[in-house]
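Below you'll find the structure, written out as structure tokens, and then a few comments.
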Amino acid sequence: MAVRSSRALALLAPAAAAALVLGSTPASAESAAGPTTVAPAGHSFAAQLTGQATFKAGSTTMTCTVSASVPTTGTNNQIPAAPGNHNDAGQVSATINPPTFSGCSTSIGGVGVTAEANADNGSWSISVQNGAPIAAGLTMPEGGFVLKTSGLASCTITASPTGPTTAPGTWTNGAPSALVIADAPVAATVTGGFFCPTGDQSATFSATYNITDTTDSAQQITVTG
């Protein structure tokens, strides 16, 4: 029984990292604020996972092969219209629809995972700050990401339990441009049955999202000064 309990603990910590996907100001932006422009102004964009989203804690890994945030109605997934797409002394942000996650699995046999993002307590957003490199952040609201395990351990992991959380990363202009998050820390809280390590958990999250212009596919979403 002790072996099973430790396995459940190893699973839940990396699962908690998904919370980060799925916060606020890029960390490096605060120390090097300068002019930032995101273009094309007013265009809508999609964020599509390339490769895998990886959640790690110790030797345990959880991966998701599909994740995306795409525009629907309203102003989510839309670059601010001019002049809001430019900031003389700081970052530019855009709210996004909560990303979807699927194709998730764990490195522990007999344990399944489902992940669901929400905007119940606020909006998700992407923020960028021009620099070298270009700083970026993927922000989720309080409780904005919930994972549920099944099988060996039936637990609920709620990410960002006390307020908004930002996963810091970098932005690369290109065709398409990319938001890269590497080993970003995230906090979460766990509830559940006997095998669940209830209380606070932490882990790391890594993912690369391609950012594409859905208003005009011939153009690219770029960040400059």
*Using modelled amide H (1.01 Å from N, peptide plane; none on Pro or chain starts), what sits under 5 Å from the amide H of SER107, excluding residues fewer than 5 places away?*
THR61
*asked:* For the pair HIS86/THR73, report the inter-label distance in nm, with labels modelled 7 Å from Cα in the Cβ direction.
replied: 3.4
_Please list, in order along region 164-176, the HN-Hα scalar couplings obtained from phi with the Karplus expression 6.51 cos²θ - 1.76 cosθ + 1.60 (θ = phi - 60°), rounded to whole Hz, x for Gly and Pro._
x, 10, 10, 9, x, x, 10, 10, 10, 5, x, 10, x
*Based on the mean of other beta carbon atoms within 10 Å per residue, what is the order of 39-51, 149-161, most packed first?*
149-161, 39-51
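Every number here is computed from the coordinates shown, using simple stated rules; none is lab data. Computed from a predicted model, the values in this text were never measured in an experiment. Quick reminder, even Gly has a Cβ in these numbers, built from the backbone with ideal geometry, and neighbours come from all protein chains shown.
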